[in-house]
Amino acid sequence: MLRGRFGDTSGRPYIEGHIFLPRLNRRGNVSFLFDTGADTSLLMPVDGLRVGIDYADLGNTEVTLGVGGLSETFIEPAYLAFLGEGVLYGYQIELRICQPTETLREVPSLLGRDIIDNWRVIYDKTKMELSADIVLADTTVDQIGR
């Protein structure tokens, strides 16, 4: 079972994950904002800088549209992993990495539907519970809980 949480002051739903960027040889733990409105997962500058990304090494760019308007992002092959009760769930994705700007300085990284669509989600803020069954080939294999 994986466990999500709600932020102490913000009340936002988060889930802890680990990223590995093989081309850049960078890795680190990330508190992802659980965002069903995001098409793809997005590494924001607060986490990119913390894990030591050299933005000069990034090149595959794309302009994305979000609540804050248009942003330049870099597309980088990545692995995201989530650990629960001794089971590691891993996903190979094309991670979007946001260019550092003053506007995005404190915005959390987003876990998008490229990962969430693999899960059956229950969101119950009244009980402070974020839960989901992880589904593989129509078979439930584990659950995320609060």
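See the values below:
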item: Segment ARG120-GLU102, extension gain: residue separation times 0.36 nm, minus the distance between their alpha carbons; result: 2.9 nm
item: Those GluC sites (Glu not before Pro) in region 15-104 that DSSP places in a loop and that have at most 10 other beta carbons within 10 Å; result: GLU85, GLU102
item: Distance from region 99-128 to region 1-67 (C-alpha centre basis), Å; result: 9 Å
item: Two-site FRET efficiency, SER10 against VAL135, from Cβ-Cβ distance with R₀ of 25 Å, rounded to 0.05; result: 0.30
item: Candidates TYR14, TYR123, TYR79: whichever shows maximal mean-square fluctuation once the chain is modelled as a Gaussian network with Cα springs under 10 Å; result: TYR123
item: Of all DSSP beta bridges in the chain, antiparallel share, percent nearest 5; result: 90 percent
item: Listed residues ASN29, ASN118, ASN60, most fluctuating in the chain (Gaussian network, C-alpha, under 10 Å); result: ASN60
item: Per-pair calculated FRET efficiency, R0 = 35 Å: ALA56 and MET128 via Cβ, rounded to 0.05; result: 0.25
item: For the chain: rounded, prolate or oblate by the Cα gyration tensor [a/c cutoff 1.5]; result: prolate
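Every number in this text was worked out from the coordinates using simple rules, so none of it is lab data. This one's a predicted model, so the numbers in the text were calculated from it and none came from an experiment. Reconstructed Cβ throughout: ideal geometry from the backbone, glycine too, with neighbour counts over all protein chains shown.
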